[in-house]
Amino acid sequence: MSNLLIATFSHSQIVYFCGMISIPHKAKQFLVLLVKLLVVGGAFYFIYDQLANNNKLDWQKFIALFRKNQSVVGIAFILLLSVLNRYFEILKWQNLVKVIRQISVGEATKQVLAALTAGIFTPNGVGEYAGKALYYPKTEAKKVVFLNLICNGIQMILTVIYGVFGLLYFNAKFNVITTQTVAVLFGGFIIILIVLFSIKKIKIKGYSIEKLLHKINEIPKSIHQKNILLGICRYIVFSHQYYFLFLAFDVDLPYLTLMATVTSVYFLASSLPTFQFLDFAVKGSVAIYFFGKLGVNEWIVVFITTLMWFLNVVLPVILGSYYVLNFKTKTTE
């Protein structure tokens with residue numbers, strides 16, 4: 001695994017290194033091909049490993065329930081939500097990268113899916129940043145990383161907002177923690193925000209919150225507004241995909257209760273450092289606790305979480321592998 005991580009992070013460095021020193025063209029091509037194969041091979045290995053060796057997946061129960069409730073329309077609808085989830089992410093990237101240059105939906109699709117594949121076994125998907133930067137000149141690398149931060153940042157902010165409201169609603173119904181604890185946590189969060197903005201001029205390695213805000217404000221408001229709208233659309237799509245999967249597994253709970261639980265799970269799971277290929281395991285463990293409070297069987301929670309991971313990470317990674325293997329190093333020069 002460590003070798004694969006090194007390969008992912010070093011892809012751009014190998015391309016740059018090969019351009020700086022005198023390496024035969026065939027050797028250079030071999031090195032780049034080797035990195036591509038390591039990235040794609042590593043992605044497929046981890047996907048297979050998680051699906052084949054997860055002893056919590058009861059396939060017999062799943063097959064029995066699937067045969068009982070199978071519906072071509074239902075399956076098509078769930079798949080459509082997966083397509084829309086990734087499509088809104090692609091539109092977000094196409095919208096933000098206007099700051100550098102105009103790109104087509106097809107080009108944005110290539111960059112997003114290839115970057116997702118590169119980031120699948122890196123902590124919190126940081127390999128995604130390097131993956132997108134490889135499609136742009138080296139002079140634009142920092143700007144690409146910054147735009148990707150904005151792209152992912154709005155999704156995280158929405159996850160926090162919806163998640164906090166979901167937690168408050170869930171806690172009001174099931175009293176997981178006391179009201180006093182909620183007040184203390186909320187007060188602590190406000191204090192942290194006040195402290196951060198009061199020291200916004202303090203620089204760390206040449207960067208400060210004030211400088212970050214200034215760079216954000218340099219992006220036209222119309223781009224920010226579209227980014228927020230697309231982020232909301234994406235959040236609504238994948239959270240309701242979770243909801244409809246629970247309905248498909250015969251989980252009969254009030255809409256607000258189920259959605260509050262889903263938003264709470266996404267919020268808490270997204271707050272934990274993890275790898276993309278372990279995303280479903282982290283969300284699954286958090287989901288088991290919350291849905292356990294609602295009386296939902298553990299195997300159903302595990303299966304739905306795994307299906308969400310398969311539909312929204314594995315399938316896009318399979319498509320992204322094609323773009324990784326067909327990546328042309330001349331685009332980075």
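Here Glu107 qualifies as open to solvent by 20 Å² or more (accessible area, probe 1.4 Å) and of a type in the set (Asp, Glu).
Taken residue by residue, region 270-283 has no member that is modelled with pLDDT of 85 or more, closer than 25 Å to Leu80 by Cβ and out of contact with any Gly (no Cβ under 8 Å at 6 or more places or on another chain). Inside region 110-136, residues that are basic (Lys, Arg) and open to solvent by 50 Å² or more (accessible area, probe 1.4 Å) make up a count of 1. Name the single residue that is surrounded by the most Cβ atoms within 10 Å (Cβ to Cβ) among those in region 234-269 being within 12 Å of the chain's Cα centre (by Cα) and modelled with pLDDT under 90. Ranking the candidates gives Tyr266 first. Of the candidates Gly131, Gly125, Gly153, Gly163, the single residue that is at pLDDT below 75 and closer than 30 Å to Val317 by Cα is Gly125.
The values are calculated or read from the model by the stated rules, or taken from the named source; none is laboratory data. The shown structure was predicted, so the numbers you read here are calculated from the model rather than taken from an experiment. Glycine also receives a Cβ, built like all others from the backbone with ideal geometry; neighbour counts cover every protein chain displayed. The accessibility values were calculated without ligands, DNA or RNA, using every heavy atom of the protein model including side chains. Shrake-Rupley method; radii C 1.70, N 1.55, O 1.52, S 1.80 Å.
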